[in-house]
Amino acid sequence: MIGTPSRPTRAVTGWLLVLPATVVLAAFTHLPIVTTLIASLHSRATAIRPARFVGLDNYRSLAADPVFWKVMGNTVAFAFGTVPVSIALALAMALWVNRRIAGRGLLRLAFFLPTMLPMIAAANLWLFFYTPDIGLLDQCLGLAGLSGHNWLGDPSTALPCLMAVTIWKESGFFMIFYLAALQGLSAELREAAMLEGAGPVAYFRRVLFPLLMPTTLFVSINAVLNAFKMVDPLFILTKGGPSNASNLLLYYIYENAFSFNDGATAATLTVVLLGLLAVLAISQFVLLDRRVHYR
Amino acid sequence: MTEVRLDALCKSFGKTAVVKDLSVTVRQGEFLVLLGPSGCGKSTTLRMIAGLEDADSGRILIDGRDVTGLPPSRRGLAMVFQSYALFPHLTVAENIVFGLRVRRMDRVERDRRLHEVAAMVGLEAHLTRRPAELSGGQRQRVALARAIAARHPLCLMDEPLSNLDARLRHDMRVEIRALQRRLGMTVIYVTHDQIEAMSMADRVVLMRDGRIEQQGTPEDIYARPETDFVARFIGTPPMNLIRLADGPRGAVIAGDDAGLPVLAGPGDGLTLGLRPEQVRLAEALPETGPAGGPATDAGPVRSRSARVVAVDYHGPDTVVSAGIGGQILQVRAAGHVPARMGQEVRLSWSANAVHLFGADGRRRSPSALHPV
Ligand SMILES: Nc1ncnc2c1ncn2[C@@H]1O[C@H](COP(=O)(O)OP(=O)(O)O)[C@@H](O)[C@H]1O
Ligand SMILES: [Mg+2]
């Protein structure tokens, strides 16, 4: 038997154990945050002029940038348009495939399939739906006698098109969480509710939905954060266009950093995004926690 | 009037028949206990009455109304689940009035009912708590209160006390029974615990493998078990069942071939039943003939010598296990019995304490009992 190590020795062992994780976390998360923050307070570096400290100038010019506000508005609209719908769909699908129906396994797989595809592949798939005239969507419209439409090229439909892809892809993923939660609920609760005279609607409203609240909290936080971090389908489908009609925050950061070569603005945008994500996550926990009943 | 009739109910899960041609009538205001070993189909039967499980065939009538195809909510009954099935996100009060609320009873009447039933089960002090903040016994009371709040004349209970400790179980037995009498409810109560059945039931239906083995009052079932299965199931400790064999002068205890006969006639395949409390224990005396013991009003006393193999002291009584010819008999004697392991003792019983079961396990008619 090994004797109990002295207190300092144990502390050293502890630190050594967390060291690898700490190093990785610091190198790839904490340090970049700090350097980004610093970069956002400096001017854009060019070949002839190195960056210099400019205080909050970058933030001021961002506030005056109409494209930034356009992108911000798009991002918020994107979140509002995708999160409630994909959560509602996820819950509906979970309720459906949780029942004893023929082909339940296949149905579950079908709903989950979009989640397993990489977003890039999914976007390519949808590109084929949206392509003017020869795309699936226009072909179907053609059958109905309607004329084709340039779905991704029209500023009024570009963003909704992105939303559709995202909803299609995310709701299957969120369904899994609801399905797991549903399977953790005792069947006797439903039976007791039925015996007490609750129909399916009353059962859902008074028992099922409140009991799924922890899942809803978890899923909605993830959904909102994902919405604000959404970028992949833009590369394939719209590239943020036409004229920024479908541009989102993360894609705009990418454009600034790598297309416009404006590291300072990109860093400033990144800090704004990080701040937004932090505020969103915290406020959701606080807001929803009051309505969540953990067992 | 709330009378329940089960008419030739059958239920299979896949290929396994779980309830087989079950017919029972439960009378108005009766406390009927469905008793049987685990897996014999009690819960399935109860769930069919509740409408939570569809019967494959047969009918269920409540007050003469065929409810076989009706959903649970339209059968006019309440149920207490083994797990209590309380809604974890609702307070005690909300749990109790859940059914009244979804049935849109007005608020004033609902509150009146809530306080009435909460008082009945002693929960007034805990109405704002959630189930997770209650003890097992209190949860049990909430489940009970929810079941009686709607004032359904029929209440089904599935092992409602099995999650409680022994002490609480005893108290709740008394309380449930008192509540049932007070409200005049018809109760169908499922348990695998024969003590619960014996102490609570007006009538016991003892099930085995999806069929009724015997039904009757607790006294009936105790005094006249129709099969050796019933004999073994009822009583603590259960009835001694002793295999008999043919002997030169009558039936003898198998393994004790040299011993004196216990019954006239052949013994092969027969089983002798003796309740532990009906066997008397005495210090060993020289073996006497069949008529050796003192005659009493109850008939001649049989007696046998046996060797003590275990002594189990309970306080008010002692259960002594003694072997005769390789078979063990349990004897229940009042008070403390200073028996030692390996000690030679004398067991005696009167002829009318004897139960006899045939090779098929069925009770032999008393006329088959010929004392030697
Ligand atoms: N939903 C079900 N599916 C398959 N088999 C079941 C189901 N419910 C019960 N059974 C089986 O039916 C038999 C009787 O069950 P049950 O009525 O619960 O017994 P008891 O309540 O008497 O212990 C058991 O063997 C059990 O495994
Ligand atoms: Mg059961």
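The values are calculated or read from the model by the stated rules, or taken from the named source; none is laboratory data. Everything quoted here is computed from the prediction, not taken from an experiment. Methodologically, a virtual Cβ is constructed for each residue, glycine included, from the backbone with ideal geometry; neighbour enumeration extends over all protein chains shown. Quick note on the areas: whole protein, heavy atoms, side chains included, nothing else; ligands and nucleic acids left out. Shrake-Rupley method; radii C 1.70, N 1.55, O 1.52, S 1.80 Å.
Give the residue, chosen from B:Glu124, B:Glu133, that is out of contact with any strand residue (DSSP E or B) (no Cβ under 6 Å at 6 or more places or on another chain) and within 14 Å of chain A (Cβ to nearest Cβ). One residue alone meets the criteria, B:Glu133.
Within the stretch B:19-33, if we keep just the residues that are closer than 21 Å to B:Asp54 by Cα and buried (at least 20 other Cβ atoms within 10 Å of the Cβ), the residue that is nearest to ligand 1 (Cβ to nearest atom) turns out to be B:Val19.
When you scan the stretch B:307-331, how many residues do you find that are of a type outside the set (A, V, I, L, M), modelled with pLDDT of 90 or more and open to solvent by 60 Å² or more (accessible area, probe 1.4 Å)? Within the stretch B:307-331, residues that are of a type outside the set (A, V, I, L, M), modelled with pLDDT of 90 or more and open to solvent by 60 Å² or more (accessible area, probe 1.4 Å) number 5.
Filtered by the rule that a residue be more than 10 Å from ligand 1 (Cβ to nearest atom), more than 14 Å from chain A (Cβ to nearest Cβ) and either open to solvent by 20 Å² or more (accessible area, probe 1.4 Å) or closer than 20 Å to B:Gly216 by Cβ (or both), the stretch B:34-63 gives B:Ala55, B:Asp56, B:Ser57, B:Gly58, B:Arg59, B:Asp63. Take the conditions of a type in the set (A, V, I, L, M, F, W, C) and open to solvent by 50 Å² or more (accessible area, probe 1.4 Å) and apply them to A:Ala181. Does it pass? So A:Ala181 fails the test. For the stretch A:42-69, the set of residues classified as closer than 9 Å to A:Ala264 by Cβ and of a type outside the set (D, E, K, R) consists of A:His42, A:Ser43, A:Ala45, A:Ala51, A:Val54, A:Asn58, listed by residue number.
Quick grid of which residues meet (1) at positive phi; (2) within 13 Å of chain A (Cβ to nearest Cβ); (3) in a helix (DSSP H, G or I):
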site	(1), (2), (3)
B:Ser83	no, yes, no
B:Ala93	no, no, yes
B:Gly99	no, yes, yes
B:Val117	no, no, yes
B:Ala147	no, yes, yes
B:Ser162	no, no, no
B:Arg169	no, no, yes
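Cβ-Cβ contacts under 7 Å between residues 6 or more apart (or on different chains), taken from a first residue in the stretch B:3-16 that is more than 19 Å from B:Gly76 (Cα to Cα) and within 14 Å of ligand 1 (Cβ to nearest atom) to a second residue that is open to solvent by 60 Å² or more (accessible area, probe 1.4 Å) and assigned to a strand (DSSP E or B), are listed as B:Cys10/B:Asp21. Kindly indicate whether A:Leu277 is buried (at least 17 other Cβ atoms within 10 Å of the Cβ), modelled with pLDDT of 85 or more and part of a helix (DSSP H, G or I). It is false that A:Leu277 is buried (at least 17 other Cβ atoms within 10 Å of the Cβ), modelled with pLDDT of 85 or more and part of a helix (DSSP H, G or I).
Considering B:Pro248, B:Pro266, which residue is open to solvent by 50 Å² or more (accessible area, probe 1.4 Å), more than 31 Å from the chain's Cα centre (by Cα) and either closer than 16 Å to B:Arg364 by Cα or at pLDDT 95 or above (or both)? Spell out the reasoning first.
Details: B:Pro248 fails: either closer than 16 Å to B:Arg364 by Cα or at pLDDT 95 or above (or both).
Just a single option satisfies the conditions, and that option is B:Pro266.
When B:Val187 is tested against (1) surrounded by fewer than 18 Cβ atoms within 10 Å (Cβ to Cβ); (2) more than 16 Å from ligand 1 (Cβ to nearest atom); (3) closer than 15 Å to B:Glu159 by Cβ, exactly one condition is not met: (1). The combined condition, being of a type outside the set (Asp, Glu) and more than 20 Å from B:Ala201 (Cα to Cα), is fulfilled by B:Arg139.
Annotation note: Cβ proximity below 7 Å between a residue of the stretch B:46-58 that is more than 12 Å from B:Gly69 (Cβ to Cβ) and a residue that is away from ligand 1 (no atom under 11 Å from the Cβ) and in a helix (DSSP H, G or I) (sequence gap 6+ or interchain) occurs for B:Ala50/A:Leu195; B:Ala50/B:Pro72; B:Leu52/A:Glu191; B:Leu52/B:Pro72.
Yes/no per residue for (1) under 15 Å from the mean Cα position of the chain (by Cα); (2) under 28 Å from B:Cys10 (Cβ atoms):
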residue: B:Leu144; (1), (2): no, no
residue: B:Asp171; (1), (2): no, no
residue: B:Ile195; (1), (2): yes, no
residue: B:Ala201; (1), (2): yes, yes
residue: B:Tyr222; (1), (2): yes, no
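Residues of the stretch B:101-113 that are within 9 Å of another protein chain (Cβ to nearest Cβ) and open to solvent by less than 30 Å² (accessible area, probe 1.4 Å): B:Val102 alone.
Close contacts from the stretch B:157-169, counting a first residue that is free of Cβ contacts under 8 Å to residues at least 60 places away in the same chain and a second that is within 16 Å of ligand 2 (Cβ to nearest atom) and assigned to a loop (DSSP other than H, G, I, E, B), with Cβ to Cβ under 7 Å and a gap of 6+ residues or different chains, come to B:Arg169/B:Leu161.
Please indicate, with yes or no, whether at least one residue in the stretch B:31-50 is away from ligand 2 (no atom under 15 Å from the Cβ) and either of a type in the set (Ser, Thr, Tyr) or on the phi > 0 side of the Ramachandran plot (or both).
The answer is no; no qualifying residue exists.
Every condition in (1) hydroxyl-bearing (Ser, Thr, Tyr); (2) in a helix (DSSP H, G or I); (3) modelled with pLDDT under 90; (4) within 20 Å of the chain's Cα centre (by Cα) is met by A:Tyr252 except one, and the failing one is (3). Of everything in the stretch B:117-173 that's away from ligand 2 (no atom under 16 Å from the Cβ) and of a type in the set (S, T, N, Q), which residue is surrounded by the most Cβ atoms within 10 Å (Cβ to Cβ)? Selected residue: B:Gln140.
Among all positions in the stretch A:193-216, there is no residue which is in a helix (DSSP H, G or I), away from chain B (no Cβ under 14 Å) and open to solvent by less than 30 Å² (accessible area, probe 1.4 Å). Checking each residue in the stretch A:244-259 for being touching a residue at least 40 places away in the same chain (Cβ under 8 Å) and of a type outside the set (Phe, Trp, Tyr) picks out A:Asn244, A:Ala245, A:Ser246, A:Asn247, A:Leu248, A:Leu249. Only one entry in A:Phe112, A:Phe80 is under 20 Å from the mean Cα position of the chain (by Cα) and without any contact (Cβ under 8 Å) to a residue 24 or more places away in the chain, namely A:Phe80.
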